[in-house]
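To start, the structure under review is shown below, and the notes come after it.
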Amino acid sequence: MEFPLLDFDAFHREELPRRLEAGNGPLAVADVADVAPIAFQLDDGRAWRYAARGGTMAIIPGTEGAGVVLELSAAAWSDFVHELATGPGLLYGRRARFLMGGAVDLERWEPALRAMFQGRPILDPVRIDLRERDGRPLDLDRVFTLADPDEALGHFLHETGFLHVRGVF
């Protein structure tokens, strides 16, 4: 599957505000309400800043007021938005550099950025309610064997993202 190179300015003026209004803004805002705004600046100087404001995310031209400024090429930024590159991937690959802030700041922002860009809810450990297929609370310490039904293994894996199966190797 090919991913088109996103137009940096059009994305910030049109597409991202549409996504935020469709519900992605409220998904992100609570997670970054107490952190410094972040800005993405292309190597040609164009920049946009993201800040929590009024129950959603504000998208503001420039870097003024940002505590974190990441400079990168238009292609690297597009790859980041499409999730073809992660923050660490951009940094380790020397496709981005910080003008302000550092890697820990981008890591802090990444769940909110994914909520803004993709609409992915941010994990809230307090609100996790993992259940067995019959509705009982899920036992996270459960250990399976290969003799357990595929449906049980599949359900647990789907709910938790992990599975402990004894005696496989």
Which whole-angstrom value gives the distance between the alpha carbon centres of segment 1-16 and segment 60-128? 15 Å
Could you sort Arg120, Arg114, Arg49 by their accessible area in this structure, using a 1.4 Å probe and putting the largest first? Arg120, Arg49, Arg114
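If you roll a 1.4 Å probe over the heavy atoms of the protein chains, what accessible area per residue do you get for segment 1-47, in Å²?
Numbers: 2680 Å² over 47 residues.
Heavy-atom SASA per residue in segment 1-47 reads 57 Å².
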Using the Karplus curve 6.51 cos²θ - 1.76 cosθ + 1.60 with θ = phi - 60°, work out ³J(HN,Hα) for each residue of segment 48-63 in order, rounded to whole Hz, and write x for Gly and Pro. 9, 10, 10, 9, 6, 7, x, x, 8, 10, 9, 10, 10, x, x, 10
Rule-of-thumb check for the chain: C-alpha Rg over 2.2 N^0.38 Å? 1.28
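Among the DSSP beta bridges whose two residues both lie in segment 15-127, what percent are antiparallel, rounded to the nearest 5?
Details: 14 of 19 bridges.
Of those bridges, close to 75 percent are antiparallel.
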Tell me the mean residue ellipticity at 222 nm calculated for the chain from its helices only (DSSP H runs of n ≥ 4, each -39500 (n - 2.57), averaged over every residue, nearest 500). -9000 deg cm²/dmol
Taking 0.36 nm per residue of separation and subtracting the Cα-Cα distance, what length does fully extending Arg13 through Ala75 add? 20.5 nm
Between the helical axis of 150-160 and the dominant principal axis of the chain, each derived from Cα atoms, what acute angle in degrees is found, rounded to the nearest 10? 40 degrees
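Write down, largest first, the equivalent ellipsoid semi-axes of segment 52-109 in whole Å, where each equals the square root of 5 times an eigenvalue of the alpha-carbon gyration tensor. Walk me through the intermediate numbers first.
Values: eigenvalues 82, 36, 26 Å².
Computed over segment 52-109, the values are 20, 13, 11 Å.
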Mind listing the long-range amide H neighbours of Arg120? Cut-off is under 5 Å, sequence gap 5 or more, other chains count too, H placed in the peptide plane at 1.01 Å from N. Ala115
Taking the chain as a Gaussian network, where each spring joins two C-alpha atoms under 10 Å apart, which residue of Phe80, Phe144, Phe40 fluctuates the most? Phe144
Once you list every other residue whose beta carbon is under 15 Å from the beta carbon of Phe98, what net charge do they have if Lys and Arg are +1 and Asp and Glu are -1? 0
Tell me the carbon and sulfur percent of the accessible area for segment 52-169, rounded to whole percent, probe radius 1.4 Å. 54 percent
Furthest towards positive pole of dipole, Ala147, Gly101, Pro17, structure part the chain, Cβ charges: Gly101
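If eta is 1.002 mPa s and T is 20 °C, what Stokes-Einstein diffusion coefficient results for segment 99-139, Kirkwood Rh from Cα pairs, in µm²/s?
Using the Kirkwood radius from Cα pairs, D works out to 168 µm²/s.
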Rank-order 4-17, 146-159 by packing density, defined as the average count of other C-beta atoms within 10 Å over each peptide's residues, highest first. 4-17, 146-159
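The values are calculated or read from the model by the stated rules, or taken from the named source; none is laboratory data. Computed from a predicted model, the values in this text were never measured in an experiment. A quick note on method: Cβ atoms are made from the backbone with ideal geometry, for glycine too, and the neighbour counts reach across all protein chains shown. The area values use the complete protein model at the heavy-atom level, side chains included, leaving out ligands, DNA and RNA. Shrake-Rupley method; radii C 1.70, N 1.55, O 1.52, S 1.80 Å.
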